[in-house]
Amino acid sequence: MISVSEALSMLFTLVRVQETEMCPLSLSAGRVLATPIAAKLTQPPFAASSMDGYAINSIEADLHAQFAVVGESAAGHRFEGKLGAGQAVRIFTGAPVPEGADLVVIQEDVERRGKLITLLTEKDGNSNIRPAGQDFCTGDIMPAPRVLAPSDIALAASMNHANLPVFKKPVVAIISTGDELVQPGESPTPDQIIASNTYGLKALMEANGAETRILPIARDNRASLETIFSLADGADLIITIGGASVGEHDIVADVAASLGLEQSFYKVAMRPGKPLMAGRMGTSLMVGLPGNPVSAMVCGHIFLLPVLRAMLGLPKEPAKRLSATLSHSLPSNGPREHYMRASQKDGYIKAAERQDSALLTILSQSDALLIRPPNDQARAAGEQVEFISIS
Ligand code: AMP
Ligand code: MG
């Protein structure tokens, strides 16, 4: 059995980074920028007023000084002339500052009578002018790769990009296996249960940049599984759920091998989730997850999300570990790394009392996976432990 970090390293070696495509800006949030983009212009393109007021020459800005208002500069409509001595231009936020002015006196600090203004306050050292290029200049770079946040979309728009180069969404085919499974909404017979983690994994993958296809449930026989595998053709990542243990109904490894899977590993020293397998299968990466609902979801967080991020050109890194103070004691851990369902708040973390890998209620109430390293000693309340956020 290999360790979690060994399994993840092997998975990373199996990853092929997605091709890129151009995506309309308005659909690019959450996508991964594939190549750096350069600003196509300078912003602001001109020295702009940051306030409503009067543009003047600061040399003349003495208390009670008077100016003749000779024109107006509004956003989108600049004052074309040059400011002479004793002259002011009425100016509004976002408007170009006229030539000859280097100060905008805010309107609250001015008394206006007809075309004449009088300054009511001393200079405060604030020009109320945004210099040209204050935000960015032509050629300035937004680096890649990066997951495009709403603020990045605003910046890319401001840089005048209508389409962005992004990595293509990996197509993920999800295959549930089991004679006992039916789809949500169907009526199970007394021996049947609902395929659940299938939908949890779909949600997890889609929330992190994948396009998913849920394939029909494969039954526990070779012909059925082969048929369903054939439907996964062309997927970048094939995920199977269940049928991965050593029971006689667990045929995923055999069938996948007969269809060309070059298995990289099978079984990982972790709890939950031991019977995990992976390898390349033609143009697809195949990951076989255990069927237990919580095991599959935990493997989703520990393995599939880092793999998905790597496919999207992001750094090959394990799930981010945070630390918190244990709010109660924990017994020593066995030889497998344990990912305990837990809740954390205000720097403290508490493991759920029941850790059975079939309990989706507990998983749903948890927002963290508390990590127990292999053979970790017993821990007392107040000790620091590591966890992964799953909220
Ligand atoms: P298996 O790995 O096929 O032996 O499955 C382990 C356990 O997980 C069994 O109790 C299965 O009924 C259950 N199981 C397998 N696949 C799913 C699924 N997609 N959704 C919910 N439970 C599942
Ligand atoms: Mg099964």
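For the stretch 267-289, residues that are of a type outside the set (Ser, Thr, Tyr), at pLDDT 95 or above and within 21 Å of residue 210 (Cβ to Cβ) total 9.
Taking the numbered list (1) open to solvent by 20 Å² or more (accessible area, probe 1.4 Å); (2) among the aliphatic types (A, V, I, L, M); (3) in a helix (DSSP H, G or I); (4) within 16 Å of ligand 2 (Cβ to nearest atom) in turn, residue 201 passes all entries but (1). Taking residue 103 as the residue in question, decide whether it is at pLDDT 95 or above and under 17 Å from residue 126 (Cβ atoms). Judged against the criteria, residue 103 is a match.
Selection of first residues in the stretch 361-386 that are closer than 22 Å to residue 203 by Cα and of second residues that are loosely packed, with under 15 Cβ neighbours inside 10 Å and of a type in the set (S, T, N, Q), restricted to Cβ pairs under 8 Å at least 6 apart or on distinct chains, gives the following pairs, ordered by first then second residue: 367/389; 367/391; 368/389; 368/391. Of all residue pairs spaced 6 or more apart or on separate chains, those with beta-carbon atoms under 9 Å, a first member in the stretch 293-314 that is closer than 12 Å to residue 205 by Cα and a second member that is in a helix (DSSP H, G or I) and polar (S, T, N, Q) are 297/197; 300/197.
Condition first: part of a loop (DSSP other than H, G, I, E, B), under 22 Å from residue 360 (Cα atoms), open to solvent by 10 Å² or more (accessible area, probe 1.4 Å) and away from ligand 1 (no atom under 13 Å from the Cβ). Can you find one or more residues in the stretch 240-262 that meet it? No - not one qualifying residue is present in the stretch 240-262. Being crowded, with 22+ Cβ neighbours inside 10 Å, more than 12 Å from ligand 1 (Cβ to nearest atom) and at pLDDT 95 or above is the requirement here; does residue 297 meet it? Judged against the criteria, residue 297 is not a match. Among the residues of the stretch 248-270, are any in contact (Cβ under 8 Å) with a residue 60 or more places away in the chain, out of contact with any Lys or Arg (no Cβ under 8 Å at 6 or more places or on another chain) and closer than 23 Å to residue 179 by Cα? The answer is yes, given that some residue of the stretch 248-270 is in contact (Cβ under 8 Å) with a residue 60 or more places away in the chain, out of contact with any Lys or Arg (no Cβ under 8 Å at 6 or more places or on another chain) and closer than 23 Å to residue 179 by Cα.
Does residue 269 satisfy the condition of being more than 15 Å from ligand 1 (Cβ to nearest atom), open to solvent by 10 Å² or more (accessible area, probe 1.4 Å) and out of contact with any Gly (no Cβ under 7 Å at 6 or more places or on another chain)? It is true that residue 269 is more than 15 Å from ligand 1 (Cβ to nearest atom), open to solvent by 10 Å² or more (accessible area, probe 1.4 Å) and out of contact with any Gly (no Cβ under 7 Å at 6 or more places or on another chain).
Taking residue 116, is it surrounded by 18 or more Cβ atoms within 10 Å (Cβ to Cβ), of a type in the set (A, V, I, L, M) and over 42 Å from the mean Cα position of the chain (by Cα)? Judged against the criteria, residue 116 is not a match. Taking the criterion of being in a loop (DSSP other than H, G, I, E, B), within 46 Å of the chain's Cα centre (by Cα) and buried (at least 18 other Cβ atoms within 10 Å of the Cβ), the residues of the stretch 53-91 that qualify are 78, 79. Report yes if residue 349 is surrounded by 15 or more Cβ atoms within 10 Å (Cβ to Cβ), closer than 22 Å to residue 1 by Cα and within 26 Å of the chain's Cα centre (by Cα), otherwise no. No; evaluated as a whole, the condition is false for this residue.
Filtered by the rule that a residue be of a type in the set (Phe, Trp, Tyr), open to solvent by 20 Å² or more (accessible area, probe 1.4 Å) and over 30 Å from residue 199 (Cβ atoms), the stretch 130-175 gives no residues.
In the stretch 209-225, the residues that are over 27 Å from residue 17 (Cα atoms) and of a type in the set (Ser, Thr, Tyr) form Cβ pairs under 7 Å with partners that are open to solvent by less than 50 Å² (accessible area, probe 1.4 Å) and assigned to a strand (DSSP E or B), at six or more places apart or across chains, as follows: 224/218. Got at least one residue in the stretch 176-195 being within 22 Å of the chain's Cα centre (by Cα), in contact (Cβ under 8 Å) with a residue 60 or more places away in the chain and surrounded by 15 or more Cβ atoms within 10 Å (Cβ to Cβ)? For the stretch 176-195, residues within 22 Å of the chain's Cα centre (by Cα), in contact (Cβ under 8 Å) with a residue 60 or more places away in the chain and surrounded by 15 or more Cβ atoms within 10 Å (Cβ to Cβ): absent.
Condition check for residue 237 on (1) in contact with a Pro (Cβ under 7 Å, 6 or more places away or on another chain); (2) open to solvent by 30 Å² or more (accessible area, probe 1.4 Å); (3) more than 16 Å from ligand 2 (Cβ to nearest atom): one failure, at (2).
The values are calculated or read from the model by the stated rules, or taken from the named source; none is laboratory data. Computed from a predicted model, the values in this text were never measured in an experiment. No Cβ is skipped: glycine too gets one built from the backbone with ideal geometry, and neighbour counts run over all protein chains shown. Just so you know, the surface numbers come from the protein's heavy atoms only, side chains and all, with ligands and any DNA or RNA stripped out. Shrake-Rupley method; radii C 1.70, N 1.55, O 1.52, S 1.80 Å.
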